[in-house]
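To keep things clear, I will list the structure first and then write my remarks on it.
The values are calculated or read from the model by the stated rules, or taken from the named source; none is laboratory data. These figures come from a predicted structure and were not determined experimentally. We place every Cβ from the backbone using ideal geometry, glycine too, and count neighbours over all the protein chains shown. Each accessible area value is taken on the protein alone, full model and side chains, heavy atoms only, with ligands, DNA and RNA left out. Shrake-Rupley method; radii C 1.70, N 1.55, O 1.52, S 1.80 Å.
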Amino acid sequence: MVQLKTAAEIEAMRPACQVAANTLVMIEPYIKPGITTDEINQLVHDYTLKQGGIPAPLNYRGFPKSVCTSVNHVVCHGIPDKKKLKDGDIINVDVTTIIDGWHGDTSKTFYVGKPKVRAQKLTEVAREALQIGIDVVKPGATLGDIGYAIQSFVEKNRFSVVREYCGHGIGRVFHEDPQVVHFGKQGEGMVIKEGMVFTIEPMVNVGKHPVKVLNDGWTVVTRDRGLSAQFEHTIAVRKDGAEILTLPTTKG
Ligand code: MF3
Ligand code: CO
Ligand code: CO
């Protein structure tokens with residue numbers, strides 16, 4: 001069941017979405033060789049509280065930290081730890097903030113130092129794949145139109161789209177209907193309606209699309225251990241198209 005949001009409810013989601021986006025702006029200058037993902041977690045945690053928010057990942061279904069940090073071949077749900085980032089790594093930082101009971105969810109892949117050619121190409125394709133998906137959104141289009149646009153762009157660039165994880169409705173609940181998959185066929189799937197609020201968050205792999213979950217129960221990696229990159233926005237469907245709710249209101 002998809003819960004359509006009123007204009008007032010969408011306004012109420014804005015603070016959570018903006019703080020989540022501003023957290024990514026805050027963290028960017030710290031993404032340097034030598035920092036640990038635990039340190040990134042602490043910075044995100046402290047900043048979120050200072051902004052009057054709650055980090056949604058912490059204790060969500062037992063997730064132990066306040067942010068997901070997914071390095072190189074980690075697709076998503078990486079758990080911050082003591083490991084230091086090194087020059088040439090890529091890292092997705094996925095921030096979800098709760099304010100007044102509403103969730104905002106956004107992520108970005110960052111370069112650690114100077115990126116390798118392949119990692120940079122992958123990351124730029126993932127960034128563009130998200131925007132291409134967003135551009136399709138308007139009342140009357142279908143979820144399959146989004147998936148088709150993303151998949152065909154990614155595969156044209158000879159990368160692959162992860163199948164097992166998808167975008168999702170979001171509001172007072174972190175993950176709600178609809179499921180927004182990042183592959184598919186034009187005209188298939190649910191019809192998009194004004195008032196839907198959902199994330200689009202394509203995970204793009206250099207190699208093949210299959211993934212597996214490590215024994216910690218969270219960390220998702222590519223089966224072939226190739227690199228993976230991801231970007232995510234929370235969007236609201238308005239009369240004339242998507243409004244991105246997770247745009248930052250601060251400068252780096
Ligand atoms: N932020 C992730 C998403 O985009 C979900 C993370 S769940 C967690 O949907 F528990 F790992 F934090
Ligand atoms: Co999400
Ligand atoms: Co997220």
message: Using a Cα-Cα cut-off of under 18 Å, which aspartates and glutamates could be cross-linked to residue 65, ignoring same-chain neighbours fewer than 8 residues away?
response: 38, 39, 46, 81, 94, 105, 216
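Carbon and sulfur: what percent of the stretch 1-62's accessible surface (1.4 Å probe)? Mind showing how you got there, number by number?
Values: 1740 of 3090 Å².
That fraction is 56 percent.
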message: Just to be sure I understand: with springs between alpha-carbon atoms less than 10 Å apart, which residue in 46, 89, 145 has the highest mean-square fluctuation in the Gaussian network model of the chain?
response: 46
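For the stretch 99-229, with every protein chain kept in place, what is the accessible area per residue (1.4 Å probe, Å²)? Please report the intermediate quantities before stating the final value.
Details: 5840 Å² over 131 residues.
Value returned for the stretch 99-229: 45 Å² of accessible area per residue.
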query: For the stretch 174-210 and the stretch 50-96, what is the separation of their C-alpha centers, rounded to whole Å?
result: 22
Separation of the residue 59 and residue 117 label points, Cα + 7 Å toward Cβ, nm: 5.0
field: the stretch 129-177 - Rg (one decimal) and Dmax (whole number), Cα, Å
entry: 12.1, 37
statement: Comparing 190, 203, 13 in a Gaussian network model of the chain (Cα, 10 Å), the one with the largest mean-square fluctuation is 190
- request: Measure off 7 Å from each Cα along the Cα-to-Cβ vector at residue 224 and residue 84, then give the distance between these two points in nanometres to one decimal.
  value: 3.2
message: Could you work out the relative contact order of the chain? I mean the mean sequence separation of Cα pairs under 8 Å and 6+ apart, divided by the number of residues, in percent.
response: 25
message: P(r) for the stretch 161-252, please, calculated from all Cα pair distances in 5 Å bins and given in %.
response: 3, 12, 18, 21, 18, 13, 10, 4, 0
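Given the Cα-Cα distance of residue 240 and residue 100 and 0.36 nm per residue of separation, how much length would full extension add, in nm?
Numbers: separation 140, 0.36 × 140 = 50.40 nm, distance 2.78 nm.
Here the segment from residue 240 to residue 100 would lengthen by 47.6 nm.
Go through 5/185; 32/86; 86/114; 5/138; 108/185 and tell me which ones have a Cα-Cα distance over 18 Å in this structure.
Details: 5/185 26 Å; 32/86 8 Å; 86/114 10 Å; 5/138 15 Å; 108/185 26 Å.
5/185; 108/185, as the Cα separations exceed 18 Å there.
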message: Which residue fluctuates most in the GNM of the chain (Cα springs below 10 Å): 29, 55, 202?
response: 29
- line: Rounded to the nearest 0.05, FRET efficiency between residue 4 and residue 208 (Cβ-Cβ, R0 30 Å) equals 0.20
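Relative contact order for the stretch 58-192: what percent, with Cα pairs under 8 Å and sequence separation of 6 or more? Don't jump to the answer; show the numbers that get you there.
Numbers: 224 pairs, mean separation 25.6, N = 135.
Relative contact order for the stretch 58-192 comes out at 19 percent.
Let me know the whole percent of all Cα-Cα pairs from the chain that are separated by more than 24 Å. Don't jump to the answer; show the numbers that get you there.
Details: 13376 of 31626 pairs.
Distances greater than 24 Å cover 42 percent of the Cα pairs.
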